[in-house]
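The values are calculated or read from the model by the stated rules, or taken from the named source; none is laboratory data. Everything numeric in this text was worked out from a predicted model, so none of it was measured. Cβ sites come from the backbone with ideal geometry, for glycine too, and all protein chains shown count toward neighbours. Ligands, DNA and RNA are stripped out before the accessible areas are found, and what is left, the full protein with its side chains, is counted by its heavy atoms. Shrake-Rupley method; radii C 1.70, N 1.55, O 1.52, S 1.80 Å.
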Amino acid sequence: MTRALCTLSLQRVTTHKELPKSADFRAWINVAMIVANYQFASEVLIRIVDDEESQSLNGQYRGKDYATNVLSFPSELPHEIAAAMTRAPLGDIIICAPVVMAEAKEQEKSLQSHWAHLTIHGVLHLLGYDHIDDDEAEQMEALEVQAMALLGYSNPYTCDAA
């Protein structure tokens with residue numbers, strides 16, 4: 001695997017203490033960038049939050065009044081400015097720890113693999129991938145499955161995704 005050039009800013013503002021390490025998040029970000037063929041020096045901010053902040057952001061930006069697992073906010077810098085930077089910011093990813101933990105248990109997935117999947121999912125959103133229509137969803141899911149396999153995890157969309 002080639003190494004992507006991404007730096008991580010990690011904010012842990014959750015009451016949960018058992019979270020993945022910074023090195024885990026960096027590995028997951030890098031593998032997402034590799035499968036998406038993104039090779040530019042960049043920065044990603046990941047903020048791990050509790051239900052209240054997730055629900056507030058989900059309501060404010062998506063009009064949904066509940067906490068959600070992951071939200072992605074791509075950078076809105078003009079291309080000329082981003083291109084002139086040594087490390088262009090890709091954007092911010094907000095991950096709700098209680099939702100991730102509940103989903104992993106409910107879906108009978110390992111907690112680590114679920115954290116990996118949602119981080120990869122968020123990074124792909126920052127890179128412009130989406131799942132609004134079926135064709136886009138298939139393309140994005142294929143990249144997620146490929147990234148998870150490179151990390152030694154099962155397909156996150158099947159029942160045996162432990």
Task: Calculated FRET efficiency for the pair A88/S110, C-beta based, R₀ 45 Å, to 0.05 - done: 0.85
Task: FRET efficiency, L150 to D50 (Cβ-Cβ, R0 45 Å, nearest 0.05) - done: 0.90
- [ ] Using every pair of alpha-carbon atoms in region 3-123, split the distances into 10 Å bins beginning at 0 and state the percent of pairs per bin, rounded to integers.
- [x] 13, 44, 32, 10, 1
Task: Dipole magnitude of the chain, debye to nearest 20 (Cβ charges: Lys/Arg +1, Asp/Glu -1, about Cα centre) - done: 820 debye
- [ ] Whenever you get a sec, compute what percent of the accessible area on region 98-145 sits on carbon and sulfur atoms (1.4 Å probe).
- [x] 47 percent
Task: Three principal axis lengths of region 54-126 [C-alpha, angstrom, descending] - done: 45, 27, 13
Task: Cα-based equivalent ellipsoid, region 102-162: semi-axes from gyration tensor eigenvalues, Å - done: 20, 12, 11
Task: Accessible surface, region 42-162, averaged per residue in Å² (probe 1.4 Å) - done: 52 Å²
- [ ] For region 1-95, give the percent of accessible area contributed by carbon and sulfur heavy atoms, probe 1.4 Å, rounded to a whole number.
- [x] 49 percent
- [ ] Just the number, please: percent antiparallel of the DSSP beta bridges in the chain, rounded to the nearest 5.
- [x] 25 percent
Task: Pair L10, H131: separation of 7 Å Cα→Cβ label points (nm) - done: 2.4 nm
